[in-house]
1. Restricting the search to the range 108-138, which residues are in a loop (DSSP other than H, G, I, E, B), free of Cβ contacts under 8 Å to residues at least 60 places away in the same chain and open to solvent by less than 50 Å² (accessible area, probe 1.4 Å)?
2. How many of the residues making up the range 73-102 are open to solvent by less than 60 Å² (accessible area, probe 1.4 Å), among the β-branched types (Val, Ile, Thr) and part of a loop (DSSP other than H, G, I, E, B)?
3. What number of residues within the range 141-167 satisfy the criterion of being part of a strand (DSSP E or B) and acidic (Asp, Glu)?
Amino acid sequence: MRSVILSCVLPVTVAVAAPFGLVGKAFGAEPDKQFFRSVEGKWVGPGEIIAGKYKGTKFTCNFNGSTPDGKVGMSLDGDCRVGVFTQKMSATVERKGREGYKGNFMGGSAGNGLDIIGGNVVDPQKVVFTINRNQLNGVMQARIADDNSMTVTVAVRVNKQLVPVIGMSLKRVDSVEVGSIAKN
């Protein structure tokens with residue numbers, strides 16, 4: 001039973017972790033940096049597997065996002081929970097010169113995860129990137145609607161068509177002092 005649940009969590013986590021900074025443009029880095037900076041901090045939220053064998057499975061994830069010093073990219077560390085089972089999750093991506101963005105989730109395809117093999121920062125609020133593991137090919141998309149909310153969608157290629165399989169809605173939960181009064 002545990003392996004069935006964890007096999008549900010792994011694809012979900014892949015969907016969540018990778019979109020946070022796994023893409024880039026050849027034309028300047030400012031929109032890329034702006035996107036990556038916007039996902040720094042703590043994020044929490046529910047998600048659901050919306051297609052496939054585990055359709056209807058609900059989960060909750062917690063992530064801490066950071067950007068590497070002097071580089072364009074992102075690292076996310078955290079965990080996802082399905083019922084009483086929790087799985088540690090991590091993702092890392094950096095721009096690798098002319099090769100574009102490269103990264104991995106949960107150790108990449110050499111481990112238990114996926115490789116991030118390319119992508120694009122569409123604008124400061126949206127990224128789309130390509131994921132791969134053996135015969136599995138797909139895309140992940142993250143959209144930051146405002147400073148405190150982000151949606152993530154993962155789609156896989158089935159018969160030359162992209163089929164959405166995972167959806168998430170994350171909220172920022174950083175501790176921010178609200179209503180503090182400045183001294184005169």
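1. Those that are in a loop (DSSP other than H, G, I, E, B), free of Cβ contacts under 8 Å to residues at least 60 places away in the same chain and open to solvent by less than 50 Å² (accessible area, probe 1.4 Å): Gly108, Ser109, Gly111.
2. Matching residues across the range 73-102 total 0.
3. Taking the range 141-167 and keeping what is part of a strand (DSSP E or B), we get 141-146, 149-158, 161-167.
From the residues that got through so far, the ones that are acidic (Asp, Glu) too are 146.
Number satisfying all stated conditions: 1.
The values are calculated or read from the model by the stated rules, or taken from the named source; none is laboratory data. Just so it is clear, the model here is predicted, and its values are computed rather than measured. Heads up, the Cβs are rebuilt from the backbone with ideal geometry, glycines too, and the neighbour counts pull from every protein chain shown. When the accessible area is computed, the model is the full protein with side chains, heavy atoms only, and any ligands, DNA or RNA have been set aside. Shrake-Rupley method; radii C 1.70, N 1.55, O 1.52, S 1.80 Å.
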